[in-house]
């Protein structure tokens with residue numbers, strides 16, 4: 001199937017997914033399900049493309065396994081730790097209050113925008129499932145190693161933060177344990193690193209450069225839109241000077257020894 005046809009089909013799938021989750025949000029009054037849908041949607045697209053792509057089976061299976069496992073882990077973590085039995089995330093509470101009577105219509109637009117972002121981020125998947133080389137190259141094996149590092153790092157960061165938040169004694173303070181001592185957003189860093197996996201897999205093949213949209217888009221959204229700015233604004237509002245001191249001493253993104 002041609003690349004544009006795959007992307008069009010993918011857009012249809014995530015539109016249905018995000019519309020369904022919007023109804024869940026409306027019933028629960030909790031927009032946090034959009035984060036679950038964003039992560040799950042990417043894995044769904046990876047598996048869909050792998051099933052109907054025209055490339056070599058080895059690359060289609062590799063994509064389905066790597067992107068699928070990454071997606072399932074992240075979607076389950078977000079659901080268990082941020083949605084199930086929890087109050088709505090502070091970011092979405094703020095938006096709900098700001099939008100007032102227009103909240104539901106604006107959340108529909110927001111959910112669909114998150115779905116469209118999935119489609120854009122799935123472009124590297126389309127490139128990979130159309131690789132027609134029979135055997136995996138050395139770059140593919142390097143990519144697998146990078147994927148292991150990235151997913152292990154993101155999983156570790158997520159678990160460290162979840163354990164910190166689970167202790168009532170830490171309420172109102174900032175996590176500085178483990179990876180969080182060296183980066184204010186180690187989970188975001190390893191998430192971004194993960195997207196380089198598909199760049200490495202595609203190196204040397206037709207349109208490999210299109211896979212750069214993955215890390216480029218993730219960097220843009222993490223630094224300019226829904227990632228670091230929104231998270232840090234919420235952290236400053238809830239933790240005040242403790243978080244401001246953390247900002248002063250700790251790298252925002254790349255893990256690095258803290259300032260004294």
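The values are calculated or read from the model by the stated rules, or taken from the named source; none is laboratory data. In this text, all values refer to a predicted model and were calculated from it rather than measured experimentally. Using ideal geometry, Cβ is built from the backbone for each residue, glycine included, and neighbour counts are taken over all protein chains shown.
Could you grab me the full set of residues in the stretch 52-82 that are free of Cβ contacts under 8 Å to residues at least 40 places away in the same chain and closer than 22 Å to residue 123 by Cβ?
The answer is 57, 61, 64, 65, 68, 71, 72, 75.
What's the total number of residues in the stretch 86-112 that are modelled with pLDDT under 95 and within 19 Å of the chain's Cα centre (by Cα)?
Residues in the stretch 86-112 being modelled with pLDDT under 95 and within 19 Å of the chain's Cα centre (by Cα): 5 in total.
Of the numbered conditions (1) without any contact (Cβ under 8 Å) to a residue 40 or more places away in the chain; (2) within 17 Å of residue 129 (Cα to Cα), residue 49 fails exactly one; give the number of that condition.
(1)
Would you confirm whether any residue within the stretch 244-260 is touching a residue at least 12 places away in the same chain (Cβ under 8 Å), outside any loop (DSSP other than H, G, I, E, B) and in contact with a helix residue (DSSP H, G or I) (Cβ under 6 Å, 6 or more places away or on another chain)?
no
Answer with yes or no whether residue 231 is outside the structural domain of residue 35 (by TED's automatic domain parsing), farther than 29 Å from residue 94 by Cα and touching a residue at least 40 places away in the same chain (Cβ under 8 Å).
No; evaluated as a whole, the condition is false for this residue.
Check the stretch 157-176 and report whether any residue there is surrounded by fewer than 20 Cβ atoms within 10 Å (Cβ to Cβ) and within 30 Å of residue 58 (Cα to Cα).
No, the conditions are met nowhere in the stretch 157-176.
Filter the stretch 122-142 for residues that are under 26 Å from residue 11 (Cβ atoms) and buried (at least 16 other Cβ atoms within 10 Å of the Cβ) and give the result.
Residues satisfying the conditions are 122, 123, 124, 125, 126, 127, 128, 129, 130, 131.
So which of 133, 148, 83, 119 is within 18 Å of the chain's Cα centre (by Cα) and at pLDDT below 95?
Details: 133 fails: within 18 Å of the chain's Cα centre (by Cα); 148 fails: at pLDDT below 95; 119 fails: at pLDDT below 95.
Sole residue among the options that is within 18 Å of the chain's Cα centre (by Cα) and at pLDDT below 95: 83.
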